[in-house]
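Read the structure below first, then the notes.
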Amino acid sequence: MKVCMFHLMPYRDLPADFERRYNSAYIDPMWFDVADSDKVGQYYNATLDEMLYAAKAGLHGLCTNQHHQNVYGFMANPSIMGAVLARQTNGQNVAIIQLGSTLPSTTPPTRIAEEYAMLDCVSGGRLVAGFPTGLPADATISNGVIPVEQRERFREALALVIKAWSARDVFAWNGRHYQLGMVNLWPRPIQQPHPPIWIPGSGISSTAEYVVGQDHCFCHLSYYGAKNAEQVSDRYWELVARKGRDDNPYRFSFLQLIGVGETDAEAEDLYAEHAEYFFHKLLYTPTYYQAIPGCLEYEALVQSLRHNPRASINLRELKAKDLFDRGFVVVGSPKTVREQLLDGIKRLRMGHLLALLHFGSMPTALCKNNIDLFAREVLPYLADLWDDRYEDRWWPERLKAKRPAAALAAAS
Amino acid sequence: MAAPEVRRLSLWQDRIQTEVEISGCGRPLVYLHGPWGLASDRAFVAGLADDHTVYAPKFPGTTHGNPDAVHALDNWFDLIVYHGELFDRLELSAPAVVGHSFGGLLAAEFAASAPKSVGRLVLIDPVGLWRDDAPVKNWMILSDKVRRPSLFADADGEAARRFFDVPSDPAERIDTLAQFIWAQACSGKFVWPIADRGFSRHAHRIASPTLIVWGTADGIIAPTYAQEFARRIADARVELIEQAGHLPHLERPETVTKVVRAFLGG
């Protein structure tokens with residue numbers, strides 16, 4: 001079992017009346033009305049500090065991500081964050097998980113192939129190459145990608161990136177969306193033919209089918225907790241079986257908000273305001289910015305109209321207690337958190353737990369406290385899961401040897 | 001009104017299956033629907049069929065059972081060449097062409113690319129031009145609160161109610177909603193995120209007498225655009241429709257049918 005620190009880099013000091021002023025965390029909030037560049041400079045640095053702290057505490061990987069024009073997370077270029085993390089963790093047994101740069105909105109996509117290859121070289125072969133298709137609002141509104149083309153652009157771009165990483169000759173790419181006459185990438189990643197590939201998906205699109213077909217790792221980045229993801233994971237594992245793939249849990253990653261305290265009561269008290277801040281202010285995005293016509297292929301669209309369990313939930317009506325009781329956030333004493341996580345991990349068969357140990361308005365001191373307690377009291381009980389029977393084929397090779405990979409690069 | 005004949009054509013090296021609804025008799029007229037599909041326009045089309053043979057093709061991807069047809073066309077050039085093939089297959093020679101909204105832009109671009117292929121041209125609240133001082137709303141990402149009054153002069157009126165109505169039967173409801181959303185996805189491919197793909201550079205090629213119809217309460221693309229189109233097309237005139245929004249042919253069908261038929265010489 002691998003447990004990785006995930007961070008969104010949100011705006012931590014939104015005004016109390018943000019919900020009344022804006023109906024969306026995306027697109028609508030005006031920078032000069034609610035944000036401050038000096039503060040944001042502090043957030044970026046705090047985010048890096050918190051992630052590096054998690055690496056030192058023993059988490060197995062550090063996950064960055066790309067979002068635009070919103071208050072809930074704005075690592076607009078995750079490679080910039082990843083570069084700092086790669087450099088600062090050299091010598092440590094920790095993966096740099098870019099989850100990651102969005103291919104459909106980057107032209108040409110070889111730009112991402114280069115950035116990822118740089119990160120793999122700087123980190124000494126510790127990169128996990130994540131390729132999200134991008135949230136609809138990010139890809140289509142912020143970056144102008146044509147909704148109905150988002151997925152086909154993604155697939156073509158990924159094929160181009162993989163070829164560019166390992167091709168032995170200069171080649172021409174005459175694609176539908178990308179045409180490059182002479183591709184000969186510098187640098188190439190240390191990990192050949194390519195670093196492990198992780199692909200996030202929502203579970204109702206055709207992405208899961210594609211990921212299993214390509215034998216990559218599928219990441220279900222839900223904010224609604226393992227308790228509410230059983231239908232998606234069941235469908236995923238059925239798909240895995242149908243496609244003749246093995247039941248290796250490492251082909252499935254899952255994100256979970258987690259808050260650990262000394263006792264259940266203390267934890268609930270500590271994290272309540274930050275959970276409400278996350279779900280009321282940061283995550284609130286209306287349907288018209290999410291369900292953009294064309295972002296779901298036709299079959300997935302029909303499926304989503306048939307069954308969308310979250311459609312009827314108004315997040316802003318839920319109090320912290322509801323968020324905890326429903327399992328959106330796993331909160332409690334180390335024992336409570338261990339038990340709830342173990343239940344979810346086994347039920348969903350997840351090999352990589354992506355722990356959102358910072359969420360909402362959480363200050364750095366509380367985040368580090370959360371990381372400390374989690375790493376000391378929870379992580380040791382999870383880490384040995386699965387390893388007696390399964391190999392993590394979606395993890396950097398040099399980190400499997402339990403030796404600091406980058407020492408190789410640093411020593412030479 | 002008599003049900004139209006539904007002709008199913010296989011085009012574009014068999015990668016696009018499309019239905020064409022054919023009704024009426026008389027001189028040929030092609031009707032190109034807007035971003036929300038053909039379904040809501042059928043009553044208006046029937047009105048035109050009183051004195052024309054109306055051909056109403058469904059936009060690629062919006063024919064039942066063939067949603068992926070939208071992926072067979074990459075760009076406007078493909079789209080125009082495709083419609084050339086469609087007109088040829090229907091054995092149409094310089095028909096009148098009437099288009100609404102996105103379909104209006106399609107009609108105008110087709111007329112500009114092949115000036116002798118269109119007899120008379122009617123553009124109903126077409127998109128395709130852009131002014132920074134009067135930005136066109138992206139109809140694909142509007143909240144319900146904004147969308148209804150943008151599309152209709154009377155947001156609570158009968159036309160608006162019919163337009164957004166969904167069947168009570170669950171399966172039919174899903175099918176109706178899916179078609180409504182997917183039709184926007186298919187047309188949106190060619191105008192996302194801004195419906196200005198260079199028509200202003202092509203407009204001078206239009207040789208057809210052209211009628212521009214506009215709802216005075218259009219909240220998607222302001223009526224001021226009627227003159228923007230008119231001044232770029234050599235032989236064009238404008239008819240403004242009072243108490244109508246972006247879909248004047250649904251909100252004031254009798255008036256729009258009357259001015260269109262008068263223009264076409266019905």
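The values are calculated or read from the model by the stated rules, or taken from the named source; none is laboratory data. Quick caveat: nothing in here was measured; it's all calculated off a predicted structure. So basically every Cβ, Gly included, is an ideal-geometry build from the backbone, and we count neighbours across all protein chains shown.
The table below lists the values:
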quantity	calculated
Residue in region A:31-52 that is closer than 15 Å to A:LEU85 by Cα, loosely packed, with under 13 Cβ neighbours inside 10 Å, modelled with pLDDT of 95 or more and out of contact with any Cys (no Cβ under 6 Å at 6 or more places or on another chain) present	yes
Unique residue being crowded, with 21+ Cβ neighbours inside 10 Å, among the aliphatic types (A, V, I, L, M), assigned to a helix (DSSP H, G or I) and in contact with a Ser or Thr (Cβ under 9 Å, 6 or more places away or on another chain) when the list is A:ALA275, A:ALA267	A:ALA267
Qualifying residue in region A:80-95 (condition: within 23 Å of A:ASP372 (Cα to Cα) and among the charged types (D, E, K, R))	yes
Options A:ALA113, A:ALA117, A:ALA129, A:ALA159: the member that is of a type in the set (A, V, I, L, M), away from chain B (no Cβ under 14 Å) and not in a helix (DSSP H, G or I)	A:ALA129
Matching residues, region B:44-71, being crowded, with 18+ Cβ neighbours inside 10 Å, within 13 Å of chain A (Cβ to nearest Cβ) and in contact (Cβ under 8 Å) with a residue 40 or more places away in the chain	B:PHE59, B:PRO60, B:GLY61, B:THR62, B:THR63, B:ASN66, B:PRO67, B:ALA69, B:VAL70
Residues that are under 29 Å from A:PRO193 (Cα atoms) and surrounded by 18 or more Cβ atoms within 10 Å (Cβ to Cβ), drawn from region A:207-232	A:THR207, A:ALA208, A:TYR210, A:VAL211, A:VAL212, A:HIS216, A:CYS217, A:PHE218, A:CYS219, A:HIS220, A:LEU221
Where A:HIS177 falls short, out of the listed (1) within 14 Å of another protein chain (Cβ to nearest Cβ); (2) of a type outside the set (Asp, Glu); (3) in contact (Cβ under 8 Å) with a residue 60 or more places away in the chain; (4) more than 30 Å from A:HIS307 (Cα to Cα)	(3)
Subset of region B:214-230 [touching a helix residue (DSSP H, G or I) at 6+ places or on another chain (Cβ under 9 Å) and in a helix (DSSP H, G or I)]	B:GLU228, B:PHE229
Residues (in contact (Cβ under 8 Å) with a residue 60 or more places away in the chain and touching a Ser or Thr at 6+ places or on another chain (Cβ under 9 Å)) located in region B:101-115	B:SER101, B:PHE102, B:GLY103, B:LEU106, B:ALA108, B:ALA111, B:PRO115
Residue in region B:205-212 that is more than 19 Å from the chain's Cα centre (by Cα) and among the charged types (D, E, K, R) present	yes
Among residues of region A:271-317, those that are more than 10 Å from chain B (Cβ to nearest Cβ) and at pLDDT 95 or above, counted	12
Qualifying residue in region B:55-66 (condition: closer than 26 Å to B:LEU151 by Cα, part of a strand (DSSP E or B), touching a Ser or Thr at 6+ places or on another chain (Cβ under 7 Å) and not aliphatic (A, V, I, L, M))	yes
Residue in region A:140-193 that is farthest from A:GLY294 (Cα to Cα), counting only those that are surrounded by 16 or more Cβ atoms within 10 Å (Cβ to Cβ) and of a type in the set (Ser, Thr, Tyr)	A:TYR178
Helices (runs of 4 or more DSSP H) contained in region B:92-200 and holding at least 2 residues crowded, with 22+ Cβ neighbours inside 10 Å	B:102-113, B:170-188
Only listed residue being among the acidic types (Asp, Glu), over 23 Å from B:LEU32 (Cβ atoms) and either free of Cβ contacts under 8 Å to residues at least 12 places away in the same chain or facing chain A (nearest Cβ under 9 Å) (or both), chosen from B:ASP154, B:ASP169	B:ASP169
Condition met for A:PHE359 (closer than 24 Å to A:LEU52 by Cβ, aromatic (Phe, Trp, Tyr) and over 18 Å from the mean Cα position of the chain (by Cα))	no
Pair list, Cβ < 9 Å and 6+ apart or interchain, from region B:122-150 residues that are within 14 Å of another protein chain (Cβ to nearest Cβ) to residues that are at pLDDT below 95 and assigned to a loop (DSSP other than H, G, I, E, B)	B:SER143/A:ASN23; B:SER143/A:PRO286
Selection within region A:97-139 - of a type in the set (Ser, Thr, Tyr), at pLDDT 95 or above and crowded, with 24+ Cβ neighbours inside 10 Å	A:SER101, A:THR102, A:TYR116, A:SER123
Options B:HIS100, B:HIS83: the member that is more than 12 Å from every other protein chain (Cβ to nearest Cβ), modelled with pLDDT of 95 or more and within 13 Å of the chain's Cα centre (by Cα)	B:HIS100
Selected residue (criterion: nearest to the other protein chains (Cβ to nearest Cβ)) from residues of region A:239-264 that are part of a loop (DSSP other than H, G, I, E, B) and closer than 25 Å to A:TRP198 by Cβ	A:LYS243
Qualifying residue in region A:190-198 (condition: more than 14 Å from chain B (Cβ to nearest Cβ), under 20 Å from A:PHE252 (Cα atoms), of a type in the set (A, V, I, L, M) and in a strand (DSSP E or B))	yes
Selection within region A:278-292 - under 20 Å from A:PRO132 (Cβ atoms) and crowded, with 16+ Cβ neighbours inside 10 Å	A:PHE278, A:LEU282, A:LEU283, A:THR285, A:TYR289, A:ALA291, A:ILE292
Subset of region B:180-198 that is more than 12 Å from A:GLY294 (Cβ to Cβ) and under 15 Å from the mean Cα position of the chain (by Cα) - its residue that is nearest to the other protein chains (Cβ to nearest Cβ)	B:PHE180
